[in-house]
Amino acid sequence: MTTASTSPFAVLNQSTASSFNEQKNLIKRVFKGKPVQCPSCKQILKVILPEQAKIEQMAGIYCAKGCTDIELDMEAVAGL
C-alpha cells in the first residue's frame, strides 16, 4: 500500500501547485512593470493588453520566441 506522500497523485498535485505558483509570481512581476526574462530563452517578456491584441493573438504575456505564452482573460478588467 502506498502512502499519501509517495502517491502518484500527491506528486502530481505538488508539481501542479508549484508550477501554478511560479506562473502566478511571474505574472505579478510583469504587471508591476519590472523587466522579466523568459525562463527558457532569457528574452524580455512583453504584455499584450486587450486593446493591443489582434484576432490571432489574445491578451497575455509572451516572449519573442514563443517559449512563454500565457493568455490572460482580461475581459473583466477591460471595461475599467
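Every number in this text was worked out from the coordinates using simple rules, so none of it is lab data. In this text the structure is predicted, and so the values were computed from the model without any measurement. Here the Cβ is made from the backbone with ideal geometry for all residues, glycine too, and neighbour counts use every protein chain on show.
Worth a mention:
- At 1.306 mPa s and 10 °C, Stokes diffusion of the chain via Kirkwood alpha-carbon radius, µm² per second: 109 µm²/s
- Placing a pseudo-label 7 Å from each Cα along the Cα-to-Cβ vector at residue 32 and residue 47 gives an inter-label distance of 1.3 nm.
- With θ taken as phi - 60° and the Karplus curve 6.51 cos²θ - 1.76 cosθ + 1.60 applied, the whole-hertz 3J(HN,Hα) list for region 68-74 is 9, 9, 10, 7, 10, 8, 10 Hz, x standing for glycine and proline.
- For region 58-67, Karplus couplings with θ = phi - 60° (6.51, -1.76, 1.60), whole Hz, Gly/Pro x: 8, 4, x, 10, 9, 10, 4, 7, x, 5
- Axis angle, to the nearest 10 degrees, between helix 8-31 and the longest C-alpha principal axis of the chain: 20 degrees.
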